[in-house]
């Protein structure tokens with residue numbers, strides 16, 4: 001079985017999209033894959049309830065309980081490794097990971113980012129796209145490397161930037177596209193391995 005570990009920090013809407021797709025499209029039977037754990041760095045993350053309601057084990061590793069990024073990442077890795085994941089997904093996980101953590105999961109660590117990378121890594125992607133006069137925006141699934149939002153691109157989806165867009169309206173349209181893009185990219189990634 002190809003176990004998938006998903007890391008979240010909040011609502012976990014991309015995690016929910018992956019879980020729903022895995023169930024709807026019978027990933028268990030088609031590619032021998034399942035979401036085996038959802039982990040949050042925030043105890044109150046709303047996505048944890050969705051996971052629990054769908055029979056997926058959850059764990060919380062509160063980052064504030066650790067004096068350094070390295071110690072947090074080490075504790076997080078212990079929880080992940082207990083599930084022997086074939087793939088670790090970042091789905092709104094709002095922590096910068098240490099190079100040692102990234103190296104530990106190299107080749108099996110994916111993220112979804114709300115811009116057409118390499119444009120607009122980091123935060124405030126929608127505002128920055130509008131201010132730059134972009135006619136298109138979108139989302140990127142990429143392999144995670146030690147450099148923030150710069151790993152090899154796995155898949156992208158595009159949405160137009162409309163003349164009356166605000167950062168919030170653009171964010172909502174990009175997020176809707178993310179919910180289709182991430183599950184497809186994960187399925188294709190696992191099917192190829």
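Looking only at strands (runs of 3 or more DSSP E) that fall completely inside segment 101-172, which ones have 3 or more residues that are modelled with pLDDT of 95 or more and under 25 Å from residue 81 (Cβ atoms)? I'd like the intermediate steps shown before the answer.
On the way: elements: 109-113, 136-143, 153-160.
Hits in segment 101-172: 109-113, 136-143.
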_Which count do you get for residues in segment 138-170 that are crowded, with 16+ Cβ neighbours inside 10 Å and over 21 Å from residue 96 (Cβ atoms)?_
8
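Filter segment 146-180 for residues that are in contact (Cβ under 8 Å) with a residue 40 or more places away in the chain and farther than 15 Å from residue 112 by Cβ and give the result. First the steps, then the outcome.
Going through segment 146-180, the residues in contact (Cβ under 8 Å) with a residue 40 or more places away in the chain turn out to be 146, 148, 151, 154, 156, 158, 167-168, 170-171, 174-175, 178-180.
Hits for segment 146-180 are 146, 167, 168, 170.
Would you please name the residue that is modelled with the lowest pLDDT, looking only at residues in segment 1-12 that are surrounded by fewer than 20 Cβ atoms within 10 Å (Cβ to Cβ) and more than 12 Å from residue 94 (Cβ to Cβ)? So that I can check it myself, show each step before the final result.
First, pick out the residues of segment 1-12 that are surrounded by fewer than 20 Cβ atoms within 10 Å (Cβ to Cβ): 1-3, 9-11.
Filter once more, so that each one left must be more than 12 Å from residue 94 (Cβ to Cβ): 1-3.
Values: 1: 94, 2: 97, 3: 98.
The qualifying residue modelled with the lowest pLDDT is 1.
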*May I ask you to list pairs of residues, at least six apart or on different chains, whose Cβ atoms are under 7 Å apart, with the first in segment 117-142 being over 18 Å from residue 94 (Cα atoms) and the second being at pLDDT below 95?*
118/150
*Among the residues of segment 86-109, is there at least one that is in contact with a helix residue (DSSP H, G or I) (Cβ under 8 Å, 6 or more places away or on another chain), free of Cβ contacts under 8 Å to residues at least 40 places away in the same chain, more than 23 Å from residue 147 (Cβ to Cβ) and crowded, with 18+ Cβ neighbours inside 10 Å?*
no
*Out of all the residues in segment 55-73, which are surrounded by 15 or more Cβ atoms within 10 Å (Cβ to Cβ), in contact (Cβ under 8 Å) with a residue 24 or more places away in the chain and out of contact with any strand residue (DSSP E or B) (no Cβ under 8 Å at 6 or more places or on another chain)?*
63, 69, 72, 73
*Starting from residues that are in contact (Cβ under 8 Å) with a residue 40 or more places away in the chain and in contact with a strand residue (DSSP E or B) (Cβ under 7 Å, 6 or more places away or on another chain), keep the ones in segment 13-30 and report whichever is surrounded by the most Cβ atoms within 10 Å (Cβ to Cβ).*
15
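Residue-wise test of (1) over 15 Å from the mean Cα position of the chain (by Cα); (2) under 26 Å from residue 180 (Cβ atoms).
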{"site": "8", "(1), (2)": "no, yes"}
{"site": "44", "(1), (2)": "yes, no"}
{"site": "52", "(1), (2)": "yes, yes"}
{"site": "68", "(1), (2)": "yes, no"}
{"site": "82", "(1), (2)": "yes, no"}
{"site": "87", "(1), (2)": "no, yes"}
{"site": "96", "(1), (2)": "no, no"}
{"site": "111", "(1), (2)": "no, yes"}
*Of the numbered conditions (1) more than 13 Å from residue 186 (Cβ to Cβ); (2) crowded, with 22+ Cβ neighbours inside 10 Å, residue 44 fails exactly one; give the number of that condition.*
(2)
*Would you point out the residue of segment 38-64, among those that are part of a helix (DSSP H, G or I) and in contact with a helix residue (DSSP H, G or I) (Cβ under 8 Å, 6 or more places away or on another chain), that is nearest to residue 101 (Cα to Cα)?*
63
*Go through segment 1-28 and give me each residue that's closer than 18 Å to residue 112 by Cβ and out of contact with any helix residue (DSSP H, G or I) (no Cβ under 8 Å at 6 or more places or on another chain).*
9
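The values are calculated or read from the model by the stated rules, or taken from the named source; none is laboratory data. Small disclaimer: the values here were computed from a predicted structure and weren't measured. Glycine also receives a Cβ, built like all others from the backbone with ideal geometry; neighbour counts cover every protein chain displayed.
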